[in-house]
Amino acid sequence: MTAQSSKIVPPTPGNLAAAGRHIRAGRLVAFPTETVYGLGGDATNDRAVAAIFEAKGRPGFNPLIVHFPDRHAAAPVRFDARANTLAEAFWPGALTLVLPRREPCPISLLVSAGLETVAVRVPAHEVALRLLEEAGRPIAAPSANPSGAVSPTTAAHVAETLAERVAMILDGGRCAIGLESTVVDLSGPEPRLLRPGGVGREEIEAVIGPLRTPRPPQGRRAPVPSPGMLERHYAPRLPLRLDVDPASAQPRPGEALLAFGPNPPAGFAAMMNLSPAGDLGEAAANFFAMLRALDEPRFSGIAVMPIPEAGLGAAINDRLRRASAPRSVAREAEAGQIG
Ligand code: TXA
Ligand code: MG
């Protein structure tokens, strides 16, 4: 048995209890769902969520789906009548609903990529449901594959690429659907189909009426693959000034500083440090919460110190560049992005 395959374990009561402890301790556990295998971490723990992005090697932060054991447990988001109807009709199952966060919301802002919404679903898989119960926490889980690779539908697929990154891979056999969940955005007045998936569009429309399809990405490499495209991303209201050199930084009047590393310059109207130790995982975990905290009308802008373009630093810089680009450019960049 190789070191990799030894991470694969059967979902015995003992292993499920251990997996729940791993999640509560902030470690990652790969688990089966009826759609694809998920790379799971505690959705309320910023560091665990940062570890998910790190393991996936995503160049940017895409918001993640949060899994709950039942509709009742999904209290951190607000259900309206449409959401209740869809949850009633399709949960547990391959339908993900994008719903407004209910503040104060225990779900990590990094899960939402800074947005006011969270994508939630109740998976129809015994092992996933038992893991959720053992963990006692909502579990954020993208498909358990490195960014850009094919989604895994067996435990062996997961072990091939992510064994080093997870505490455990729960083996639930082959996924019955083998295709990601359908993502429907209910955060606005009109329901929108963000990603086609395991539940058919017609089935959903039969329950709540027509779904709008967001404008597809223009230009670029067609055709667009299935992962949901996202028009909206959190962008601060205040202007961002990037790559502010700590040695020569001249604070502008009323400007706040988003710092990184041990020696932030003085003289700013306010300062928050993503990671005094210069740890990119810590910086990613703090990023959206600190950006929001500084995005206050009492400041004139936000200066940002340089972030190394390595590991999660690349994802932080990607988001900073989008947030500082003129709106039209940012929108175009979003349109080219895939989940
Ligand atoms: O079947 C599935 O959905 C699998 C299993 C593990 O549950 N999970 C999955 O997650 O495919 P992921 O992270 O690979 O895909 C999440 C999709 C992306 O297309 C993302 O853009 C969209 O959901 N999404 C997540 N949160 C969102 C939000 N707040 N607003 C809009 N779209 C969101
Ligand atoms: Mg995926």
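The values are calculated or read from the model by the stated rules, or taken from the named source; none is laboratory data. If you're wondering where the values come from, they're calculated on a predicted model, not measured in any experiment. Counting neighbours? That spans all protein chains shown, and the Cβs are built from the backbone with ideal geometry, glycine included. When the accessible area is computed, the model is the full protein with side chains, heavy atoms only, and any ligands, DNA or RNA have been set aside. Shrake-Rupley method; radii C 1.70, N 1.55, O 1.52, S 1.80 Å.
What the Kirkwood sum gives for the range 116-162 is a hydrodynamic radius of 12.5 Å, with every pair of different alpha carbons counted. Simple point charges give the picture: +1 on the Cβ of Lys and Arg, -1 on the Cβ of Asp and Glu, and for the chain a dipole about the Cα centre of about 420 debye.
Annotation: the antiparallel percentage among DSSP beta bridges lying fully within the chain is about 40.
Around the amide H of residue 98, modelled in the peptide plane, lie the amide H atoms of 120, 184, 185, 186, all under 5 Å away and 5 or more residues distant in sequence or on another chain.
Between the alpha-carbon centers of the range 140-157 and the range 298-323, tell me the distance in whole angstrom. First find each Cα centre; the distance between them is then 28 Å. The angle between the Cα long axis of helix 13-24 and the main principal axis of the chain comes to about 10°, on a 0 to 90 degree scale. Percent of Cα pairs in the range 30-159 per distance bin of 5 Å, from zero to the largest separation: 2, 12, 22, 24, 22, 12, 5, 1, 0. Relative to the dominant Cα principal axis of the chain, helix 126-135 is inclined by about 50°.
When the alpha carbon gyration tensor of the range 109-195 is reduced to an equivalent ellipsoid, its three semi-axes come out at 25, 16, 15 angstrom, largest first. Residues whose amide H falls under 5 Å from that of residue 139, counting only those 5 or more places apart or on a different chain, are 43, 67, with hydrogens built in the peptide plane.
Can you give me the accessible area per residue for the chain, using a 1.4 Å probe, in Å²? Please list the in-between numbers first.
Details: 14650 Å² over 339 residues.
Solvent-accessible surface per residue comes out at 43 Å².
A simple charge model with +1 on the Cβ of Lys and Arg, -1 on the Cβ of Asp and Glu and nothing else charged puts the dipole of the range 20-98 at about 220 debye relative to its Cα centre. A P(r) calculated from all alpha carbon pairs of the chain, with 20 Å bins opening at zero, reads 31, 57, 13, 0 percent. Of the solvent-accessible surface of the chain, computed with a 1.4 Å probe and all protein chains present, 54% belongs to carbon and sulfur. Ranking 123, 158, 66 by how far each Cα lies toward the positive end of the dipole of the range 46-181 (charges on Cβ) leaves 66 at the top.
Computed 3J(HN,Hα) for the range 304-309, one whole-Hz value per residue from the Karplus formula 6.51 cos²θ - 1.76 cosθ + 1.60 where θ = phi - 60°, is 10, 6, x, 10, x, 8, glycine and proline marked x.
What is the distance in Å between the Cα centroid of the range 63-119 and that of the range 1-55? Distance between centres, Cα-based: 21 Å. If you run the Gaussian network model on the chain, springs between alpha carbon atoms under 10 Å, then out of 202, 54, 180 the most flexible one is 202. Rounded to the nearest Hz, the phi-derived 3J(HN,Hα) couplings of the range 59-64 under the Karplus curve 6.51 cos²θ - 1.76 cosθ + 1.60 (θ = phi - 60°) are x, x, 9, 9, x, 10, where x marks glycine and proline.
The residues packed around residue 60, meaning those with a beta-carbon under 9 Å from its beta-carbon, carry a net charge of +2 if Lys and Arg are +1 and Asp and Glu are -1. Could you work out how far helix 280-294 tilts from the main Cα principal axis of the chain, as a 0 to 90 degree angle to the nearest 10? On a 0 to 90 degree scale, this one is about 70.
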